[in-house]
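The structure under discussion appears below in the form of structure tokens.
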């Protein structure tokens with residue numbers, strides 16, 4: 001083995017990389033982005049959970065507990081009138097509802113009436129949206145901390161009212177995120193690789209020489225990768241249901257319909273990104289630009305409320321944020337897609353935006 005020849009090969013590769021400006025930029029951006037996203041994401045705590053509070057007792061004791069909850073950065077507390085329906089409040093956007101019933105304070109202090117412990121105790125009612133178990137745990141911990149701060153008296157019983165009739169486990173809320181992530185990975189990244197490979201092989205030019213329209217090209221990719229995403233999502237649901245006894249409160253039909261809509265948008269994204277990559281090496285290095293934000297900023301691993309404020313605006317620019325929100329609303333909350341307008345609007349805007357831009361990008365590539 002000749003050291004000189006090895007060195008010559010190494011220098012040749014480095015010279016090729018030096019002349020590829022896109023490759024150099026991607027090589028510098030990807031590790032920087034990874035370190036920033038991981039560093040900020042792991043340093044965040046859950047903040048700003050939407051908590052509705054109904055105080056039917058209105059005493060100094062309940063005011064003390066309410067002020068303690070308001071001072072906790074975990075919560076964004078909104079006080080409401082007693083006539084509100086807690087379950088409707090949860091389905092309208094609140095993540096928890098706390099109600100102090102009438103005579104809560106008198107029962108609380110009656111526990112040690114005449115210096116003797118009795119069965120009387122104050123009862124706090126809690127309606128909880130458990131579609132995200134991490135947020136649910138943070139809510140329980142915050143309420144427990146607030147109750148620890150009250151004066152001497154009897155114990156407080158926290159009576160939980162399940163919204164879905166069954167306990168929602170982490171796997172139940174994680175399955176929709178996995179489906180969204182699979183669609184993102186399969187449709188956007190494989191579309192990107194496929195189009196770039198056709199460029200490198202020269203088949204891209206031959207396709208345009210044939211009587212093929214740009215819309216037909218994109219539609220073909222949509223059908224191909226949409227079917228792949230549909231099959232993989234069905235597999236995830238099937239394995240989750242049979243092996244892990246996954247709780248699906250909503251319609252499987254609507255869940256798969258949302259998957260198809262999200263898949264179309266990701267095919268458009270992959271086609272759009274292909275305009276920035278001329279080689280397969282550049283395309284592969286673009287993977288983290290899609291994967292890292294999708295994993296760290298979409299609410300897949302931890303809730304958006306745990307993402308630091310400096311990164312939260314970026315989270316709302318990540319398509320998977322809306323895909324996760326929509327799929328969780330359908331599968332865990334049991335809502336039809338139109339009852340989650342933010343998630344549905346985000347997915348539809350993403351679909352239209354990427355497909356239109358991908359079509360314009362293909363038109364530009366034809367003119368070149």
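Using the Cβ-Cβ distance between residue 228 and residue 312 with R0 set to 35 Å, the FRET efficiency works out to roughly 0.60.
If R0 equals 56 Å, the separation of the Cβ atoms of residue 349 and residue 60 corresponds to a calculated FRET efficiency of about 0.70. In terms of its alpha-carbon gyration tensor, the stretch 49-162 comes out prolate; a/c meets the 1.5 threshold, and the first ratio a/b outweighs b/c. Label sites at residue 67 and residue 280, each approximated as a point 7 angstrom past Cα along Cα to Cβ, lie 6.8 nm apart.
The mean sequence distance of close C-alpha pairs (under 8 Å, at least 6 residues apart), as a share of the length of the stretch 169-367, puts its relative contact order at 33 percent. Among beta bridges identified by DSSP and lying wholly in the stretch 49-162, the antiparallel ones come to about 20 percent. The alpha carbons of the stretch 219-368 give a radius of gyration and a Dmax of 16.5, 54 Å, in that order. Percent relative contact order of the stretch 215-283, based on C-alpha pairs within less than 8 angstrom and at least six residues apart? Over the stretch 215-283, the number comes to 45 percent. The modelled label-to-label distance for the pair residue 357/residue 244, using points 7 Å beyond Cα in the direction of Cβ, is 3.2 nm. Distance between the C-alpha centres of the stretch 218-269 and the stretch 315-335: 13 Å, rounded to the whole angstrom.
Just so you know, all these numbers are worked out from the coordinates, no wet-lab data involved. Keep in mind that this is a model prediction, so the values were computed, not measured. Note: ideal-geometry Cβ built from the backbone for every residue, glycine included; neighbour counts use all protein chains shown.
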